Each structure stands twice: as structure tokens, then as C-alpha cells.
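Enquirer: Provided herewith is a single structure, encoded as C-alpha cells, for subsequent inquiry.
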């Protein structure tokens, strides 16, 4: 699965990614907050059966870093 | 750790909430948070109304009110209570414990056990297990289990990540020895390696209250807290509710030999509406089996939330018949405790705010 497809899937579940690209810094997303982090964990668990830790997400700088945590690539 | 007990029953349940009605949207607007942001969060996790206690009201007061209403409704002689177990994270004092204070207030006989259990959101199930042990194997006839907290006062008012979540409540549950052969199945778990995920760092022996513990710290989302406030790492806690809580529910279902389809209700700690719905989905229950209205009406009530669901969502059924219930409390510790068994018929006292407005 391409990163763009992963991003499209993520955008359908987590509203803060609308308009984002692979290289968008997470901190620049206006709605990137603690709720969005929960929604990301939930989306990735439901679709890829892995549960990311809070630490793994906190270490991500861009959308690409986040998508790289999904092991299906 | 799994265990099972019989020869006890839940005879009655009561719950008193704080008397102050708070609206998430109105409070947020008053703090200058944009309405669109508040509505997004409100709709996603179910933040709406919560009931908090007046500043001079503690978990002890709320549980005392619930206990008095319960004993009055049953017309019970208080001297017939053999033990009080008080589950709380917000006791009146470091010493003595709340159970002894409540013993004094209710005027119970000196021939009574009274002790606290320091547990949060998994605590009602721990208390139920303790009370059941005392009745089933300890020769006691009647145990008053109180579970409640005033967590709304433990958070910093400018910590938007957790301040709006909590309501205050105190519950009372009467457990009695019975000759019935019905079994209650339990499953307990702990992850102490994640104990920092929900924590009030200062105020105990390890980190006393000092001017430093009062220093305000700001996170990257603009939330403010101090070492004296309840702090929660939402992502780590969420992680645990996705991984360990569904496993515990599956394990207690297997332990009790219950099929999901034969269970009348999955009664979960009401951490928030989103988490309750998600755990229901992950464990294969249909939404009608999983009551989730309590969080929107009262907030996250810590150890009082499971008895609140029993009264608010199942109260009518419980007064009439035995209801097959699977439940799970989960939170600070990190700790989780699941149970499965039949409850009822039970005397159910209505949920009331305390103090009552004249």
C-alpha cells in the first residue's frame, strides 16, 4: 500500500488531516491535539491491528513519520 | 488473575452525585475556546453535562448520603452491618481512613471491620470482590461497599486534556451472604510499569507539597498543570484500554462460560463515550448491550461509574429480575478488573444530587 493510500484512509477517519500532504509537519495542523492522537491510534489499530504507543506518536514530526509506523509498506 | 465466588448477593445500590451542573460547551466558551473546537470534541467523545461537588463536599459526604438513603430504603438496623469497605483516591485525610470516618458518622457497632481500598476506576469491582470474599468465606453477613471520588477537584482548571472529563459521585452497595449457588466470576490485572500514565505526582511521601510542586507547567497543546494535579497521558491510557481491557472481558466471558449473545448488558467504567463504544465493538457486543449514557449526563465518575450504570441504565430491570451482566473497571494503576454473573433482583435507590437544593 502506498503512503498516499494510507493517508487517504487516515483522512477518512481523522478530521485533522484534511488538506494535509505526506510532508506536512504534524505541529502545523490546526486540529493536531490529544484527541487527534487517540483517533490515530484507533484508526491504525482498527485497520492494521497494531497498537502504537503514545511515545511512538510523540516522536513523529511529519505525517510521513506517522505513516512509516504502519508496517504494511 | 482469575477467581470465582458464590454464596453472596448484591442486595441494594444507591448513588449520590455532586450538586453542581456543568456544561462542557458553556465552560469552554467562558474560557475563550472556539465553539467549533468544543463541538468537535463534544461529539467525538460525548462530553456534555457533568455533576461536580460543591467545594466543601467530599467523597465521604457523597457516600454517606448514598449509604443513609440505602439503609433507610431497606429499613435496616445499622448494627447489622458487619463491615464497611471504602474505595477512594480522594479520602478526607491522609489518616484516618474514610471507612472509619463513615463508621462513626453512621453510628455503627464497634463490632465492625472498616477499611479503605486505594483504587480508582477499577475499584468498585475490587470492592465487590472483597465484600463477596468476606461474605462467602469470612463468615460475615452484610458488607457496605462505598466507592466514590471527587476527581473534578484534582485536575488543573486550565488542563483541557482532562479537566472537563470528571464528575463527582459516591456510591453505596450492600452485599450480603446468601445460600444461592450462583457464581460471580472475576478477572483482575495490573500493569505497574505504566503507573505514570495516570498520576498525581506530589502530595504523598515520595514528593511532599512544596512551592516547587505548585509551579505551573504548560504542554505543547497549551494545557497547564502542576505536580499537585491529576495528570494523565491520554495516548498511553487509550492504548491500554484498546489492548488489555478487551482481553480481560474476553477472559471473564470464557471463565464464566458465557456467550456474548446471552449477556444482557456489558457494564463498563464510563471513561468517556467513545472508549465505551469502542470496547463494546472490539469485544463483539452489539451497541444495545452496552449502556453508554452515563458519561454524557454525569462525567467520568471514577469508581462510582459502574454502580451509576447499574442504576441509571439497568435499574428498572434490576429491581424486577436477575440480569446477566459482564462488567469491567479500568484505570489508575494501571489496573483492570472484570466480572461476570447474575445481579438482581436488587433494591435500587434513585440517583440524587447531594446536597439537595431546598
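Bear in mind that the values in this text are calculations on the coordinates, not laboratory data. Worth saying up front: this structure is predicted, and the values here are computed from it rather than measured. Reconstructed Cβ throughout: ideal geometry from the backbone, glycine too, with neighbour counts over all protein chains shown.
Enquirer: How big is the shadow of the Cα convex hull of chain B, averaged over all directions, in nm²?
Expert: The directionally averaged projection comes out at 17.9 nm².
Enquirer: Using just the helices of chain B, give the 222 nm mean residue ellipticity in deg cm²/dmol: DSSP H runs with n ≥ 4 each add -39,500 (n - 2.57), and the total is spread over all residues, rounded to 500.
Expert: -9500 deg cm²/dmol
Enquirer: Can you pull the one-decimal nm distance between simple spin-label points at residue B:100 and residue A:23, each 7 Å off the Cα toward Cβ?
Expert: Modelled inter-label distance: 6.7 nm.
Enquirer: If we count other beta carbons within 10 Å of each Cβ, what is the order of B:119, B:113, A:1, B:1, fewest first?
Expert: Placing the least packed residue first, the sequence is B:1, A:1, B:113, B:119.
Enquirer: Compute the acute angle (0 to 90°) between the alpha-carbon long axis of helix B:234-256 and the principal axis of greatest extent of the alpha-carbon atoms of chain B; round to the nearest 10°.
Expert: For helix B:234-256, the angle is close to 10 degrees.
Enquirer: Against the longest alpha carbon principal axis of chain B, how many degrees, from 0 to 90 and to the nearest 10, is the axis of helix B:123-137 turned?
Expert: Taking Cα atoms only, the helix is inclined about 20 degrees.
Enquirer: Could you tell me the convex hull volume per residue, in Å³, taken over the Cα atoms of segment B:31-153?
Expert: Per-residue hull volume (Cα only) is 139 Å³.
Enquirer: Continuing with this model, one more query. Multiply the residue separation of residue B:183 and residue B:254 by 0.36 nm, subtract the distance between their alpha-carbon atoms, and state the gained length in nm to one decimal.
Expert: 24.2 nm
Enquirer: Please work out the C-alpha center-to-center distance from segment B:118-193 to segment A:38-73 and express it in whole Å.
Expert: 34 Å
Enquirer: Further, regarding this structure: Per residue of A:25-32, how many C-beta atoms from partner chains lie within 10 Å of its own C-beta, taken as a mean?
Expert: 1
Enquirer: Using mean Cβ contacts within 10 Å as the protection proxy, how do A:14-24, B:334-344, B:157-167 order, highest first?
Expert: B:334-344, B:157-167, A:14-24
Enquirer: For the Cα atoms of chain B, what angle does the longest principal axis make with the long axis of helix B:273-282, in degrees from 0 to 90, nearest 10?
Expert: 60 degrees
Enquirer: Something else now. How high is the relative contact order of segment B:53-205, in percent, with contacts defined as C-alpha pairs under 8 Å that are six or more residues apart?
Expert: Over segment B:53-205, the number comes to 28 percent.
Enquirer: Using a Gaussian network for chain A with springs between C-alpha atoms less than 10 Å apart, which of these wobbles most: A:26, A:38, A:52?
Expert: A:38
Enquirer: Another question, if that's okay. Would you please put B:302-310, B:29-37, B:248-256 in order of how densely packed they are, using the mean number of other Cβ atoms within 10 angstrom per residue and starting with the highest?
Expert: B:302-310, B:248-256, B:29-37
Enquirer: Okay, moving on. Over 14 Å, how big is the tail of the calculated P(r) for segment A:3-67, in percent of all Cα pairs?
Expert: 52 percent
Enquirer: Take peptide A:36-42, look around each residue's Cβ out to 10 angstrom, count Cβ atoms belonging to other protein chains, and average those counts.
Expert: For peptide A:36-42, the averaged partner shielding equals 5.
Enquirer: Could you work out, for the protein assembly as shown, what percent of all Cα-Cα pairs fall into each 10 Å distance bin, beginning at 0 Å and stopping at the bin that holds the largest distance?
Expert: The percentages, shortest bin first, are 4, 22, 31, 25, 13, 4, 1, 0.
Enquirer: When the label point is put 7 Å from the Cα of residue B:3 along its Cα-to-beta-carbon vector, which residues of segment B:174-210 have a backbone N closer than 16 Å?
Expert: B:183-190
Enquirer: Under a crude label model (7 Å from the Cα following the beta-carbon direction), how far is residue B:190 from residue B:79 in nanometres?
Expert: 3.9 nm
Enquirer: Which whole-number percent gives the relative contact order of segment B:113-170, counting Cα pairs below 8 Å spaced six or more residues apart?
Expert: Dividing the mean separation by the residue count of segment B:113-170 yields 25 percent.
Enquirer: So how far apart, in nm, are the two label points at residue B:207 and residue B:319 if each is 7 Å from Cα heading toward Cβ?
Expert: It works out to 4.7 nm between the two label points.
Enquirer: Follow-up. Go ahead and run the numbers for FRET between residue B:286 and residue A:47, Cβ-Cβ distance against an R0 of 22 Å, rounding to 0.05.
Expert: The formula returns an efficiency of 0.50 here.
Enquirer: Let me ask something else about it. Note down the relative contact order for chain B as a percent, whole number, built from C-alpha pairs under 8 angstrom at least six residues apart.
Expert: Averaging sequence separation for qualifying contacts and normalising by length gives 27 percent for chain B.
Enquirer: Ok, one more. Per-residue Cβ counts within 10 Å, from other chains only, averaged over A:50-56: what number is that?
Expert: 4
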